[in-house]
Amino acid sequence: MSAASKHTLYDVPVSNNGARVRIILYKKGIPENEVKIVSPFESSLGGLKSPEYLALNPQGKMPLLTTSSASADGISAIPESDTIARYLLSEYEGLGPSFLPNNVKSNLIARLHDMYLTTVQGCMYKATPPFGPFQTRKDALLEYCKQLRVIDDLLDSSSASTYLCGDEVSLADATLFPSLVFANYMLPMFVISSNKEEQDTLCVPTKLNTWYQNIIKNDDVFSRVHNEITKALDSWNDNKRWDKILHAGLRDNAPTTIFDKILNGDIPATIVKDHPKYLAFRDINPAAPNHILIIPKDRALLTHLHYATSDHVEILGTLLQAAGEIVNDPELGYGGTGRIVINDGGSAGQEVFHLHLHVLGGRSFSWPPG
Ligand code: 5GP
């Protein structure tokens, strides 16, 4: 049996934030008797949600670094990747590359990554929202790609260097690289149309992509970590994970309807409200003096209400709120009372397979409905 190691890193290959720590370990050549990598699922701690693990890492996430002797501050468990990375850079300062811990550009890229990219990137692989502050996958994806462009703007277009901050590897390279493995693997799945604007938006920007390709080609450690993460992600593929992710494997392939023509302006409608997320217009064949339809602009599986998933919670709430506003709008004549109807499926009378709320008013309604 090998002697106990000075530190234990609880981590698995697919862990995005743990991968930056592994890059540091591999590049510095820190041996196993100094830092041993252990899967929390195969350790005596018993997995991320066990009371023993949560006592050391209250967020229940990876990575976690434990030390056999507490630091001067009395800390013997570090449950956060940037802090682990900086601890190791300081602890093993004399070994291998420094990772430029005081380089402003490197620190800025690492901070931007941790604050604005990591916080939303679950939109590419998590089954359910929220994705950071975003309730919808599309909004989170657009934000993720915007933040990639913010980082891309910091890069030097004329640089032929393998690394982000000059000729030496930096903390920024270690921090950003694993996320780029995720982005390159997953973003293309979300490009569902041949629309050039969508293709140009949902992608890794050019300078970042050049850096990513070069660092894999020129640096064995980055190539090794790329393979570790990709292999783990391939197993997600085998488990059919993407089939449950809206816009990736789970797509709306139903035929378009007359409402798409209204949305595109191909046929006219009396539009009452044009909101970024929905359109409200008068029904062509009104069933009451006031009859307005509200439809989501992005149908995204909602041919029927009963196809709604947790990805749709925000739009469903928005549509109901819009119905309330219409009933309450003095200019629309409902006088603060209305009947809100969703016909869900053929026997309920649904004829157009694009979710819509009927907002009826201007007369009294009987119950039960016919
Ligand atoms: P459903 O029966 O599917 O619940 O309701 C579909 C509604 O869409 C009907 O009330 C119908 O009158 C309305 N509708 C169908 N085609 C058009 C159209 O081309 N323009 C407008 N404004 N309403 C339409």
About its Cα centre, what dipole magnitude does the range 211-254 give when the only charges are +1 on Lys and Arg Cβ and -1 on Asp and Glu Cβ, stated in debye to the nearest 20?
120 debye
How many nm separate the modelled label positions at H306 and E34, each set 7 Å beyond the Cα in the direction of the Cβ?
6.2 nm
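Stretched out fully, how many nm does the piece from N209 to A4 gain, at 0.36 nm a residue minus the Cα gap?
This chain segment gains 69.7 nm when fully extended.
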Is it possible to state the helix-based mean residue ellipticity at 222 nm for the chain, with each DSSP H run of 4+ residues giving -39500 (n - 2.57), the sum divided by total residues, to the nearest 500 deg cm²/dmol? What is it?
-11000 deg cm²/dmol
Using the charge dipole of the range 190-238 (Lys, Arg: +1 at Cβ; Asp, Glu: -1 at Cβ; taken about the Cα centre), state which of T230, N209, Q199 has its Cα farthest towards the positive end.
N209
For each of W236, W211, count neighbouring Cβ atoms within 10 Å of the residue's Cβ, then give the residues from fewest to most.
W236, W211
Using r as the Cβ-Cβ distance of T256 and Q59, and R0 as 56 Å, what FRET efficiency do you calculate, to the nearest 0.05?
0.80
Least to most buried among V204, V191 (fewest other Cβ within 10 Å first):
V191, V204
Counting Lys and Arg as +1 and Asp and Glu as -1, what is the net charge of the other residues whose Cβ lies under 12 Å from the Cβ of L293?
0
Express in nm, to one decimal, how much length is gained between K196 and I75 on full extension, taking 0.36 nm for each residue of separation and deducting their alpha carbon distance.
38.4 nm
Using the structure shown, list the pairs from K27/K105; K61/K277; K207/K261; K49/K146 with a Cα-Cα distance above 31 Å, or answer none.
K61/K277; K207/K261; K49/K146
PRE zone check, label point 7 Å out along Cα-to-Cβ of L154, amide N under 12 Å, scope the range 101-138, hits 103-117
Within the chain, what is the longest stretch that has no trypsin sites (Lys or Arg not before Pro) placed in a DSSP loop and near at most 12 other beta-carbon atoms within 10 Å?
50-239
With the convex hull built on the Cα atoms of the range 76-210, state its orientation-averaged projected area in nm².
9.6 nm²
In nanometres, what is the gap between the two model label sites at N285 and K231, each 7 Å from Cα along Cα-to-Cβ?
6.2 nm
Compute, for the chain, the length of the dipole vector about the Cα centre, with Cβ point charges of +1 (Lys, Arg) and -1 (Asp, Glu) only. Units Debye, rounded to 20.
420 debye
Just subtract the alpha-carbon distance of S50 and T128 from 0.36 nm times their residue separation and send over the number in nm, one decimal.
25.8 nm
Dipole check, the range 263-370, charges on Cβ (K,R +1; D,E -1), about Cα centroid: among P268, I340, I294 the Cα furthest to the positive pole belongs to I340
Once the other residues with Cβ under 14 Å from the Cβ of V120 are scored (Lys, Arg +1; Asp, Glu -1), what is the net sum?
+2
Neighbouring Cβ atoms within 10 Å as the yardstick, rank H358, H113, H306 fewest first.
H306, H358, H113
Near K231, within a Cβ-to-Cβ distance under 12 Å, what is the net charge of the other residues, with Lys and Arg +1 and Asp and Glu -1?
-2
Along principal axes, largest first, the alpha-carbon spread of the chain in whole Å comes out as 81, 51, 38
Out of all DSSP beta bridges with both ends in the range 223-321, state the antiparallel percent to the nearest 5.
90 percent
Of L155, G166, H247, farthest towards positive along the dipole that unit charges on Lys, Arg, Asp, Glu beta carbons give the range 98-251
H247
May I ask for the longest run of the chain untouched by GluC sites (Glu not before Pro) that are loop-located per DSSP and have at most 13 neighbouring C-beta atoms (other than their own) within 10 Å?
94-350
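Read the figures in this text as sums done on the coordinates, not as results from a lab. What you see is a predicted model, and the numbers here were worked out from it, not measured in a lab. When we count neighbours, we look across all protein chains shown, and the Cβ atoms used for this are built from the backbone with ideal geometry, even at glycine.
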